[in-house]
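In what follows, a structure is listed as structure tokens, so that the remarks can point back to it.
Quick note: the coordinates plus some simple rules give every number you see, no bench work behind them. Quantities reported herein were computed from a predicted structural model and do not represent experimental measurements. Cβ coordinates were reconstructed from backbone atoms using ideal geometry, including for glycine residues, and neighbour counts include every protein chain displayed.
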Amino acid sequence: MKRVLVKKAPQYIGERVRLCGWASKIRDHGSLIFVDLRDWSGKLQVVIDSSNVKNIAKIGLEYVLEIEGVVKKRDGALVNKNVDLGDIEVAVESVTVLNESKTPPFPLDGEGDDIDENVRLRYRYIDIRRKRVRDLIARRHDLMMATRQWFSDNEFTEVQTPILTVSSPEGARDYLIPSRIYPGKFYALPQAPQQYKQLLMVGGVDRYFQIAPCFRDEDPRADRHSGDFYQVDVECSFLTQDEFFDTVEPYFGYVTEKVAGKKLKFKKFLRIPYSEVIDKYGTDKPDLRYDMTLVDITTECKESGVNIFKEVGAVKGILVDRKFSKNEIESLTKEMKLEGAKGMLWFIIEDGKLGGSMAKLFDEKIQKSILKNFEKAGYDVHDGQYIFAFGDEYTRACKLTGILRSKMGDLLNLKDPNVLAFAWIIDFPMFEWDEKRNKWDFGHNPFSMPKGGLDALMNESPDKIFAQQYDVACNGYELASGSVRNYHPKSFIEAFKICGYTEKETREKFGHMISAFEYGAPPHGGFAIGFDRFMMILFDEKNIKEVYAFPKSNAQELMTGAPREVSKEDLDILHIELKKEKKK
RNA sequence: GGAGUGGUAGCUCAAUUUGGUUAGAGCAUCUCACUGUCACUGAGAAGGUUGCGGGUUCGAGCCCCGUCCAUUCCGCCA
């Protein structure tokens with residue numbers, strides 16, 4: 001008899017079927033046993049009636065079962081409206097235990113959030129049976145399919161680039177792979193296919209994409225997987241920055257609706273310059289699902305004559321439409337001090353004036369001016385609201401207020417999980433002054449074309465030069481990052497010169513890039529989308545590990561135990577001798 | 001590398017103002033009963049080196065010091 005998935009059982013009402021899966025719940029009534037049989041497609045109750053089934057073997061939790069029986073509609077009170085397939089069941093005729101199972105180390109019926117993550121990961125093969133994990137694996141497949149479909153439909157060609165490649169001098173720490181054939185030499189795993197995709201452009205591949213594995217030996221974050229992760233890597237020739245935006249923007253809406261069934265806040269992405277996004281949101285990856293923009297009250301604070309504001313570069317505040325107790329304000333202040341704030345200025349609006357501990361130090365005219373600033377920024381100002389503000393060096397004041405803005409977004413439930421708010425962040429500074437090393441450094445991406453090209457590099461002061469570089473910000477995350485590339489040998493070398501590299505040094509590091517550019521490189525640019533991060537946003541997961549089938553915990557894979565020691569014989573083949581480390 | 005938080009039964013947690021007798025509970029497990037449950041129910045049982053090491057004390061899960069591990073953040077992430 002052909003095996004059917006439980007999801008398909010409704011098509012076989014009145015017929016005999018064979019179902020295979022795991023016993024996810026057992027309700028034993030002695031001579032009548034109910035088993036919720038789970039397979040990849042879902043769960044279905046099967047009923048083992050001892051008067052119909054002979055030789056019932058012991059059935060334990062997570063035992064692997066093969067059952068044959070008749071699919072039946074349930075009547076009246078027997079219907080369970082709370083579960084999928086609760087209106088049918090299978091009257092079992094025979095049941096075979098294909099395999100037994102030890103008692104699982106944790107329950108599989110919840111979301112798993114309350115279980116120690118490391119226990120889940122050590123037994124990931126069991127955890128995958130959890131509905132949430134199964135669903136994410138299936139949705140990840142959907143996102144991959146939809147991504148390939150969209151890019152393919154839009155004339156992009158997927159090209160696979162090498163995994164064993166060379167160490168790149170800039171950027172993250174590399175994973176190195178020793179060469180057996182060439183003693184003392186090492187491959188590196190790619191941090192991104194950046195250089196290869198640019199060389200593909202030189203090779204005439206007009207539009208490239210790849211769902212590419214990337215490897216970086218850096219410490220993890222909640223939205224940054226340690227070790228390996230995936231990018232949708234994209235590059236196009238002969239497009240300006242704006243043309244590139246118009247070309248790829250529809251992809252995001254397509255998969256957001258098709259794969260997650262969610263909505264876009266902006267049909268056309270906002271385009272916000274870096275300086276503006278810092279000023280208004282205090283971060284270069286703002287959550288634009290809600291407004292609550294930062295308001296400048298520097299002048300007012302300075303005019304108040306309060307000592308602590310005399311030396312600050314800026315005071316930035318937000319207005320929050322909610323009541324706060326003294327305790328809440330105190331604990332918020334504590335939290336913000338942990339983020340590096342010196343303190344938190346707060347006011348309550350009462351009778352059109354400001355109240356709060358410091359309010360008496362601000363005279364009426366200044367208070368009015370502060371409220372006016374908030375009104376001008378688009379706030380609907382009224383009594384009972386609170387203002388929170390931070391004074392510090394300008395960027396720092398913005399960033400601190402931005403952190404509070406994000407906390408308030410959570411507190412006031414302003415982050416609608418069914419909406420995605422995309423924006424291009426543009427006009428990043430090309431260079432940043434490195435205080436420690438007392439020299440200019442690349443602000444972000446050394447391969448970006450500066451606005452104004454070679455001319456700007458030769459004649460402008462480095463701090464005045466903007467890069468043709470952009471991010472996609474979405475719901476508080478940096479979802480993608482890219483640039484129009486610096487494809488002229490001369491301007492490429494000149495950009496590195498500003499950061500203190502001689503032409504000789506630059507040619508040593510990027511010889512293959514520069515010589516490729518000397519053979520007719522087309523103008524090109526692109527970006528890379530954080531595939532796993534996109535999964536997080538689409539399915540409202542707070543930790544990136546959830547969206548991998550086999551995630552790493554702090555660069556360790558807890559099931560297999562990778563990374564592990566290897567035998568001396570293996571090391572000998574690779575011409576490697578280990579240094580003796582003191583610790584561990 | 002730095003800071004915050006945490007580590008008690010297989011899992012999730014508790015352990016009382018300031019340290020006090022045998023470290024408790026729910027779920028899971030095991031045994032028995034049960035023909036309509038779907039968080040089945042009822043009766044019973046088993047389950048612990050309180051991360052590890054040291055110290056203070058008559059007495060430590062609790063206080064102190066060290067250490068390990070995890071996690072979040074900073075650094076880092078072209």
Legend entry - Pairs beyond 26 Å (Cα-Cα), from A:Lys25/A:Lys54; A:Lys334/A:Lys436; A:Lys451/A:Lys490: A:Lys334/A:Lys436
Inset, instruction - Using only C-alpha positions, report the orientation-averaged shadow area of the convex hull of chain A, nm², one decimal. - result: 36.9
Inset, instruction - For the stretch A:334-449, compute Rh as the Kirkwood radius over C-alpha pairs and then the Stokes-Einstein diffusion coefficient at 20 °C and 1.002 mPa s; write the answer in µm²/s, rounded to an integer. - result: 122
Legend entry - Top positive-direction residue, dipole computed over the stretch A:173-239 with Cβ charges, set A:Ala188, A:Leu200, A:Phe215: A:Ala188
Inset, instruction - Taking the dipole about the Cα centre of chain A, with the C-beta of Lys and Arg at +1 and of Asp and Glu at -1, give me whichever of A:Val90, A:Thr395, A:Asn154 is farthest to the positive side. - result: A:Val90
Inset, instruction - For the stretch A:73-205, just say rounded, prolate or oblate: build the C-alpha gyration tensor, square-root its eigenvalues into a ≥ b ≥ c, call rounded for a/c under 1.5, and beyond that prolate if a/b exceeds b/c, oblate if not. - result: prolate
Inset, instruction - Starting from the stretch A:353-444, pick out the trypsin sites (Lys or Arg not before Pro) whose DSSP state is loop and whose Cβ has at most 14 other Cβ atoms within 10 Å. - result: A:Lys436, A:Arg437
Legend entry - Using a Förster distance of 60 Å, the FRET efficiency for A:Asp383-A:Arg173 (Cβ separation, nearest 0.05): 0.65
Inset, instruction - Return the loop-located trypsin sites (Lys or Arg not before Pro) in the stretch A:278-310 (DSSP other than H, G, I, E, B) with at most 15 other Cβ atoms within 10 Å of their own Cβ; answer none if there are none. - result: A:Lys310
Legend entry - Where trypsin sites (Lys or Arg not before Pro) fall in DSSP loop in the stretch A:1-98, at most 16 other Cβ within 10 Å: A:Lys2, A:Lys54, A:Lys58, A:Arg74, A:Lys81
Legend entry - Residue-by-residue Karplus 3J(HN,Hα) for the stretch A:461-475, coefficients 6.51, -1.76, 1.60, Hz, glycine and proline x: 6, x, 6, 9, 9, 9, 9, 7, 9, 8, 10, 9, 9, 8, 6
Legend entry - Two-site label geometry, A:Ser31 and A:Val566: point separation in nm, points 7 Å out along Cα→Cβ: 6.4
Inset, instruction - Give the shape of the stretch A:403-522 as rounded, prolate or oblate, defined through the alpha-carbon gyration tensor: a ≥ b ≥ c are the square roots of its eigenvalues, a/c under 1.5 means rounded, and otherwise the shape is prolate if a/b is larger than b/c and oblate if not. - result: prolate
Legend entry - Inter-label distance, nm, simple model (7 Å from Cα along the C-beta direction), A:Ala57/A:Lys268: 6.6
Inset, instruction - Please express the Cα-Cα pair-distance distribution P(r) of the stretch A:1-115 as a list of whole percents, one per 5 Å bin, running from 0 to the bin with the greatest distance. - result: 2, 12, 22, 26, 20, 12, 5, 2, 0
Legend entry - Signed unit charges on C-beta, dipole axis of chain A, positive-most listed residue A:Trp433, A:Ile329, A:Leu19: A:Leu19
Inset, instruction - Amide H neighbours of A:Lys25 under 5 Å, at least 5 residues apart or on other chains, H built in the peptide plane: list them. - result: A:Asp36
Legend entry - Entries of A:Lys72/A:Lys131; A:Lys353/A:Lys407; A:Lys265/A:Lys415; A:Lys415/A:Lys542; A:Lys439/A:Lys464 with Cα pairs more than 18 Å apart: A:Lys72/A:Lys131; A:Lys353/A:Lys407
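Cβ under 11 Å from A:Leu319's Cβ, A:Leu319 left aside: what net charge do those residues give with Lys, Arg +1 and Asp, Glu -1?
In short, -2.
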Inset, instruction - Return P(r) of the stretch A:116-174 (all Cα-Cα pairs; 10 Å bins starting at 0; whole %; ordered from short to long distances). - result: 17, 23, 27, 31, 2
Legend entry - Debye equation applied to the C-alpha atoms of the stretch A:404-449, log10 I(q)/I(0) at 0.28 Å⁻¹: -1.01
Legend entry - Between 0 and 90°, nearest 10: helix A:241-260 axis offset from chain A longest Cα axis: 30
Legend entry - J(HN,Hα) series, the stretch A:82-98, from Karplus relation 6.51 cos²θ - 1.76 cosθ + 1.60, nearest Hz, glycine and proline x: 7, 10, 4, 6, x, 9, 9, 7, 10, 7, 6, 10, 8, 9, 10, 8, 7
Legend entry - Neighbour-count ranking [beta-carbon atoms within 10 angstrom, fewest first] of A:Ser226, A:Ser461: A:Ser461, A:Ser226
Inset, instruction - Can you spot the aspartates and glutamates whose alpha carbon is less than 12 Å from A:Lys342's alpha carbon? Ignore those fewer than 8 places along the same chain. - result: A:Asp392, A:Glu393
Legend entry - Rule-of-thumb Rg ratio for the stretch A:176-248 [Cα; 2.2 N^0.38 Å; N residues]: 1.41
Inset, instruction - Decide, for the stretch A:510-567, between rounded, prolate and oblate: order the square roots of the alpha carbon gyration tensor eigenvalues as a ≥ b ≥ c, take rounded if a/c falls under 1.5, and otherwise choose prolate if a/b is larger than b/c, else oblate. - result: oblate
Inset, instruction - Evaluate the charge dipole of chain A about its Cα centre and quote only its size in Debye, nearest 20, assuming +1 on the Cβ of each Lys and Arg and -1 on the Cβ of each Asp and Glu. - result: 1300
Legend entry - Derived scalar couplings ³J(HN,Hα) [the stretch A:220-233; Karplus, 6.51 cos²θ - 1.76 cosθ + 1.60; whole Hz; x for Gly, Pro]: x, 9, 4, 10, 9, 6, 7, x, 10, 7, 10, 10, 8, 8
Inset, instruction - Can you grab the distance from the C-alpha centre of the stretch A:76-121 to the C-alpha centre of the stretch A:465-488, Å, no decimals? - result: 46
Inset, instruction - Run the dipole for the stretch A:141-234 about the Cα centre, Lys and Arg Cβ at +1, Asp and Glu Cβ at -1, nothing else charged, and hand back the magnitude in debye, nearest 20. - result: 360
Legend entry - Simple Cβ-charge dipole of the stretch A:371-512, Lys/Arg +1 and Asp/Glu -1, about Cα centre, in debye nearest 20: 300
